[in-house]
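K.L.:
First, the structure itself, so that you have it in front of you.
The values are calculated or read from the model by the stated rules, or taken from the named source; none is laboratory data. All values derive from a computational prediction rather than experimental measurement. Here the Cβ positions follow ideal geometry from the backbone for every residue, glycine too, while neighbour counts run over all protein chains shown.
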Amino acid sequence: MLVAAELLQKEAAGFGFEYEKVEDVWDKLYEEIEEFKVEVKNEQKGTMEKEFGDLLLAAVSVARFYNLSPEIALHRSLTTFQNRFKFVARRVNEQGKTIDMCSLEELDLYWEEAKKTENN
């Protein structure tokens, strides 16, 4: 769906429906984050989903403004998350434990260790 959002926004931009400055794009993203937070407090799933969708659309706009593919960006982040999670699971297993036996603090230490290993 990120690709569909990107294509629709490009089509709209072709008709002049486009932000002129990057600051405007960022302002829209921040606005959508605030609107989502309001709906979270209201605990209405339907409006929360709508506002979260608006937030995602605004994030796609940010990516487009910097000529980034939101699909590729998400794929890279998911790959990184998956690799780090596998690292954490392996470290936990080395300790003779399962993930549910570990505290969040312990898991965070392994997560930070995973981050350091990928930067080397």
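K.L.:
Can you tell which of 110, 19 is part of a loop (DSSP other than H, G, I, E, B), surrounded by 14 or more Cβ atoms within 10 Å (Cβ to Cβ) and either at pLDDT below 95 or out of contact with any strand residue (DSSP E or B) (no Cβ under 9 Å at 6 or more places or on another chain) (or both)?
P.N.:
Details: 110 fails: part of a loop (DSSP other than H, G, I, E, B).
Of the residues listed, the single one that is part of a loop (DSSP other than H, G, I, E, B), surrounded by 14 or more Cβ atoms within 10 Å (Cβ to Cβ) and either at pLDDT below 95 or out of contact with any strand residue (DSSP E or B) (no Cβ under 9 Å at 6 or more places or on another chain) (or both) is 19.
K.L.:
Let me ask something additional. Looking at residue 91, is it surrounded by 12 or more Cβ atoms within 10 Å (Cβ to Cβ) and either at pLDDT 95 or above or over 15 Å from the mean Cα position of the chain (by Cα) (or both)?
P.N.:
Working: surrounded by 12 or more Cβ atoms within 10 Å (Cβ to Cβ): yes; either at pLDDT 95 or above or over 15 Å from the mean Cα position of the chain (by Cα) (or both): yes.
The answer is yes for residue 91.
K.L.:
Quick check on region 17-28. Is at least one of its residues in contact (Cβ under 8 Å) with a residue 60 or more places away in the chain and either among the hydroxyl-bearing types (Ser, Thr, Tyr) or closer than 30 Å to residue 105 by Cα (or both)?
P.N.:
Taking region 17-28 as the starting set, the residues that turn out to be in contact (Cβ under 8 Å) with a residue 60 or more places away in the chain are none.
The answer is no, given that none of the residues of region 17-28 is in contact (Cβ under 8 Å) with a residue 60 or more places away in the chain and either among the hydroxyl-bearing types (Ser, Thr, Tyr) or closer than 30 Å to residue 105 by Cα (or both).
K.L.:
Tell me yes or no: at least one residue of region 33-47 is assigned to a loop (DSSP other than H, G, I, E, B) and among the aromatic types (Phe, Trp, Tyr).
P.N.:
Initially, region 33-47 is screened for residues assigned to a loop (DSSP other than H, G, I, E, B), giving 43-44.
Filter once more, keeping what is among the aromatic types (Phe, Trp, Tyr): none.
Looking through region 33-47, none of the residues is assigned to a loop (DSSP other than H, G, I, E, B) and among the aromatic types (Phe, Trp, Tyr).
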